[in-house]
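Below is one structure; the comments refer to it alone.
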Amino acid sequence: MDEEIVKLEGFIIFYKYENADTGYKIALFKIDDNLQERVITIVGYFPKFNKEDRLFVVGNFIKHPRYGMQLEVTEINVMLPTEEKMIVRFLSSSKFNKIGKSTASKIYKELGNDCISILINSPETYDILISKKIINSKQATSLQNGLSDYDYTSSSIQMLIKHGFSMKNIMKIESVYKDKIDVVLQANPYQIVIDIDGIGFKTIDKLALSLGMELTDKRRIKAAILYSLQNTCHSRGDTYISYLLLKRGLYQLVTVEDDFFDDCLNELIEEKYIILEDNRYYHYLLYKAEIDIANKLYPYLIRDIHVDFEDNLDDIIHEIEQEDGITYTIEQINSLKEALKHGLFIITGGPGTGKTTILDALIKIYKKGYRNELSISLLAPTGRASKRMSMLANHYACTIHRFLKWDLHSNTFVKNENNPVKTDIIIIDEFSMVDTILFASLLKGVTGVSQIILIGDDGQLPSVGAGNLLYDLLSIPHIPSLKLTKIFRQAKGSSIIKLAHDIRYNQLTDDYKFKDDIRFYNIKNTEISDRIISIIKVAINQGFDIDEIQVIIPVYAAIAGIDNMNQTIQDFVNPKSIDKPEIRVGHQLFRLYDRVLQLKNQPEDDIYNGDIGHIIDINKENETITVNFDGNIVEYNKNMYTNLTLAYAISVHKSQGSEFEIVIMGAFKEYGSMFNKKLIYTAVSRAKKLLIILGNLETFIKCSKAEDKTTRNTTLKLRILDLLNPNITN
């Protein structure tokens, strides 16, 4: 709202914090309103100004839970001095070497109130000032250099702002190009799409066309091709695509003749932005990631490990059994011994097969065998998965992003090949969710690692991003792995686990009998809302908390979709009240006490994609939402609202890595082809005590047998086999 937008004039007097990579800053701002001078804190993405620069700032006040009121900057620019006092002060500042107050006064008297604009826009003025002996050649150079920087701040950045660029993206651009933004914008604005991740083609296209770029400019088409390649690979999960798919994706962005498309594509290949290999088209980042994974994993594939405590291993295992009151099976003991022998080892299995038992035993063996002198890093792809891993293994675990110190604003890792993390053992859980780019970053960001153990369920959905790592690695015979199939939790009477395994191994029949902790209700999709509310009522009356009940649905926009279910459940469990403030964000309404899901990683707040929390405060005046994530309190301003969504109903992908006491899932034809075996298996295996399925029985049985026919195009297996081939044949 206009009345909530704050416009101030003043000066930055001190920078409290600055991220050189992203441009994010926290600064003390001295307000100059001719009535009083006071200092406030401003935050946001903006260039570094001199203390002499008089600034015009636009923003919104936000209340930080720890640091109090701050002005979040949405626009900032240097104001041209137009009064004698300010002009003399500006020209005699440290920004211009060799220009004192006396010289500055002479310049003003010669050029008047518009002298700054004249100096910027009329280079011939310097010759006039020199001829009149007001300045010398060195002073002229000092003025030109200083005003060049000044003009850059007031023109290039302001132009980006006027074209709808956020300060965050402007600072991304500034961090890459420094003082050459104007050069890039004049030469080729589309270079920004190629060089900077997270700034889309359409955003740059709008700017470039407004600057006079032709629709058929080769630079435009090349940027569109590269952007299309990256987007298509991500949406399909491929690390490469075909010529036809690349062209099809491009035509959704721009119109171009076939011959011209080929010319532009060939230039991108020559420039190595696109890698062509055996009719496969790779974005150079995905190509490099596959190469890096293969090369980094190779030493582990040929490494045999002989632990120092090998002779005492049986005694250590027996000691763990006595301490934990557990007796490992012969299969489990042999599995533990096998896992300790290899540089890379993979453990897979469905729910209840003992993956956690093996993990826990391995950690205890390492600790006892090496007397706690070994560094063990437990990692997972999501926040909830890492918390669950930490709890079950009784050992600290974190996300891969947190481990590598991911920076949200620059989308880069602080820990990398030039600044790696030193650790001895890496164990990754829920590995099926890890994509190619992330795994490559991890392997490049560590040093001193002697062993990598990957744990996952190959029956679950693959990663959201490009790649199919678990499947690819398991398909390489040379890589040792353990597939757990025996159900241990079945002894507790879990028919949920049996159902999951029956789905996994194609044992569902048309007359399949659901029993014990599974309920199936044949209903129409129009009946799902009423039925879910009835189930929630019964569960709450039986002593379950609403947070123990999770609705899992594969699609958002449908009668029985996530959006409708979230609204239905919200109205029942957290109805509208004058005592509950609420804020509408797009199609969603957030209300005090709502359960919400985090959609993006926010490492600076220790919150990650998939974390679930509760709204504990909504401040409509400051437009902030405060969420409690299991004791971690995080405040969201209006620019961060899109990081949240209601969590009464969530997607199957978002549920991965988590378990819930009661799971309610839909099974309707309207879910389409994505409602298949892997998706159903993943959803079913999220339930711990009770699984309730609502929908059509025939659809559920049929889709539980339907294999996902889409094949992810990757070449990681091929690259690893090429490296292993001499050793395999020998």
* Structure fact -> Counted residues in region 284-326 being open to solvent by 30 Å² or more (accessible area, probe 1.4 Å), β-branched (Val, Ile, Thr) and more than 39 Å from the chain's Cα centre (by Cα) come to 1
* Check region 237-247 and report whether any residue there is closer than 26 Å to Leu160 by Cβ and either of a type outside the set (Gly, Ala, Ser) or at pLDDT below 90 (or both). => no
* Structure fact -> When restricted to Val193, Val184, Val256, Val176, the only residue β-branched (Val, Ile, Thr), at pLDDT below 95 and open to solvent by 40 Å² or more (accessible area, probe 1.4 Å) is Val176
* Look through Ile358, Ile333 and report the one residue that is open to solvent by less than 10 Å² (accessible area, probe 1.4 Å), β-branched (Val, Ile, Thr), in a helix (DSSP H, G or I) and modelled with pLDDT under 90. => Ile358
* within 20 Å of the chain's Cα centre (by Cα) and in contact (Cβ under 8 Å) with a residue 60 or more places away in the chain: does that describe Asn619? -> no
* Report yes if some residue within region 345-352 is open to solvent by 40 Å² or more (accessible area, probe 1.4 Å) and of a type in the set (Ser, Thr, Tyr); otherwise report no. => no
* Give region 563-610 a look and list any residue that's more than 27 Å from the chain's Cα centre (by Cα), exposed (fewer than 14 other Cβ atoms within 10 Å of the Cβ) and not basic (Lys, Arg), or say none. => Pro575, Ser577, Ile578, Asp579
* Would you point out the residue of region 649-662, among those that are open to solvent by 10 Å² or more (accessible area, probe 1.4 Å) and in a strand (DSSP E or B), that is nearest to Ser432 (Cα to Cα)? => Phe660
* Asked: Restricting the search to region 663-682, which residues are surrounded by fewer than 18 Cβ atoms within 10 Å (Cβ to Cβ) and not charged (D, E, K, R)?
  -> Gly672, Ser673, Met674
* Only one of (1) part of a helix (DSSP H, G or I); (2) modelled with pLDDT of 90 or more; (3) not aromatic (Phe, Trp, Tyr) is not met by Gly666, so which one is it? -> (1)
* Could you say which residue among Ala560, Ala539 is within 32 Å of the chain's Cα centre (by Cα) and surrounded by 14 or more Cβ atoms within 10 Å (Cβ to Cβ)? -> Ala560
* Structure fact -> Listed by first then second residue, the pairs whose first member lies in region 317-339 and is closer than 16 Å to Gly369 by Cα, whose partner is aromatic (Phe, Trp, Tyr) and open to solvent by less than 70 Å² (accessible area, probe 1.4 Å), with beta carbons under 7 Å and at least 6 positions apart or on separate chains, are Ile317/Tyr328; Glu321/Tyr328; Ala339/Phe345
* Quick one: in region 683-707, which of the residues that are touching an Asp or Glu at 6+ places or on another chain (Cβ under 8 Å) and under 19 Å from Arg504 (Cβ atoms) is surrounded by the fewest Cβ atoms within 10 Å (Cβ to Cβ)? -> Ile701
* Single unsatisfied condition, Asn639 versus (1) closer than 29 Å to Ile497 by Cβ; (2) assigned to a helix (DSSP H, G or I); (3) out of contact with any Cys (no Cβ under 9 Å at 6 or more places or on another chain) -> (1)
* Asked: (1) surrounded by 21 or more Cβ atoms within 10 Å (Cβ to Cβ); (2) modelled with pLDDT of 90 or more; (3) among the small types (Gly, Ala, Ser): which one isn't true of Ser494, the others all being true?
  -> (2)
* **Single match in Ile437, Ile455, Ile425, Ile487 (criterion: of a type in the set (Val, Ile, Thr), under 24 Å from Gln656 (Cα atoms) and in contact with a strand residue (DSSP E or B) (Cβ under 6 Å, 6 or more places away or on another chain))** => Ile455
* Counted residues, region 196-239 - those being in a helix (DSSP H, G or I), open to solvent by less than 30 Å² (accessible area, probe 1.4 Å) and small (Gly, Ala, Ser) -> 4
* Do you know which residues across region 28-61 are at pLDDT below 80, buried (at least 18 other Cβ atoms within 10 Å of the Cβ) and assigned to a strand (DSSP E or B)? -> Tyr45
* Within the bounds of region 340-354, is there any residue that is of a type in the set (S, T, N, Q), in a helix (DSSP H, G or I) and in contact with a helix residue (DSSP H, G or I) (Cβ under 8 Å, 6 or more places away or on another chain)? -> no
* To do: Tell me which residues, restricted to region 387-435, are aliphatic (A, V, I, L, M), modelled with pLDDT under 90 and under 20 Å from the mean Cα position of the chain (by Cα).
  => Leu408, Val414
* Asked: Among strands (runs of 3 or more DSSP E) lying entirely in region 530-610, which contain 1 or more residues that are under 25 Å from Asn622 (Cβ atoms)?
  -> 582-585, 588-591, 595-598
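The values are calculated or read from the model by the stated rules, or taken from the named source; none is laboratory data. Bear in mind that the values here come from a model prediction, so they are computed numbers and not experimental data. Counting neighbours? That spans all protein chains shown, and the Cβs are built from the backbone with ideal geometry, glycine included. With ligands, DNA and RNA removed, areas are computed over all heavy atoms of the protein, side chains included. Shrake-Rupley method; radii C 1.70, N 1.55, O 1.52, S 1.80 Å.
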